[in-house]
1. Any idea what log10 I(q)/I(0) is at q = 0.11, 0.15, 0.16 Å⁻¹ for the chain, Debye with uniform C-alpha scatterers and no solvent?
2. Compute the relative contact order of the chain as a whole-number percentage, counting only Cα pairs closer than 8 Å that sit 6 or more residues apart in sequence.
3. Quote the FRET efficiency, to the nearest 0.05, computed for residue 322 versus residue 118 with a Förster distance R0 of 51 Å and r equal to the Cβ-Cβ distance.
4. Using the alpha carbons of region 1-97, what is the convex hull volume per residue in cubic angstrom, as a whole number?
5. Need one number: convex hull volume per residue for region 38-194, Cα atoms only, in Å³.
6. Which value, in nm² and rounded to one decimal, describes the direction-averaged projected area of the C-alpha convex hull of region 53-107?
7. Between residue 25 and residue 75, what is 0.36 nm times their sequence separation minus the Cα-Cα distance? Round to one decimal in nm.
8. Work out how much length residue 85 to residue 284 would gain on full extension: take 0.36 nm times their residue separation and subtract the Cα-Cα distance, in nm to one decimal.
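Each value in this text was obtained by applying a stated rule to the coordinates, not by laboratory testing. Given the structure is predicted, the values throughout are model-derived calculations rather than measurements. As a convention, Cβ positions derive from the backbone with ideal geometry for all residues, glycine included, and neighbour counts pool all protein chains shown.
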């Protein structure tokens, strides 16, 4: 029963507080990033700079980060529970809060809309550069809007549904393990000269961890489109047709649902670190992108977050009932 109440309270804290500046230096993802950087430097020095050596080093890093994060957080919770049981409840609630990004995803994305309306294209490009990985210096107004909407769609799965689902299934250790995997992919999962082989294990592990959550997230977005009076029928049609167009087995799921719901085209060619990546377009482009689409995407993200919470809590509650309230 504890995980159920911790998850509900953690979700509430994220809605109320987001990611406060004063907590960012000790945020789990920040600490994970520092560990990944340190391990990368250490392991690259221990293995030969060959294809096989880099793959082995990257695989070891992926295992150490995933297993180590789960084991460390589980040990800390166990120690806290033995010292004072309420302390473990508070700690796990805080970790749940820090695994989620409901408020911050909306806040950062709406800054792009504000910049478009009030500050001009250069400010909008700067605002969107905070939330996307692509090069933004040459983006047009329409491309900035598409990039912001795509970010909401992709991060709805990575930043909300997946960590929430893993938390309700296995508590903070499993949710933090997922965040470690996702952080490794964002730092190492590039198909360039530096990370093609070293980051392969992290990328594959992230694909596996997101396989179910990404598909569940797309279905939730389609339901959210209906609740928000967007085009749910088009969302379903585009999702069924275009979800496999993306190079990633998971990223196209939510982007296809969002593109259909807002009647836009998303993805398409983009520059990363000065190199053009020819990604296919997703969606039918019934409408031209407009700043209000960013607001519509954020509205769907908020509605979808509550749907995901209800579904995750229901799964946990069903498990409790089926086991005679035997799950801790």
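1. -0.72, -1.29, -1.42
2. Numbers: 512 pairs, mean separation 70.4, N = 328.
About 21 percent, as a whole number.
3. Details: r = 53 Å, r/R0 = 1.04.
So the FRET efficiency works out to roughly 0.45.
4. Details: hull volume 12.1 nm³, N = 97.
Considering the Cα atoms of region 1-97, their hull volume per residue is 125 Å³.
5. Working: hull volume 21.5 nm³, N = 157.
Hull volume normalised by residue count: 137 Å³.
6. Working: hull surface 21.6 nm².
For region 53-107, averaging the hull's shadow over all directions gives 5.4 nm².
7. Additional length available on full extension: 15.8 nm.
8. 66.3 nm
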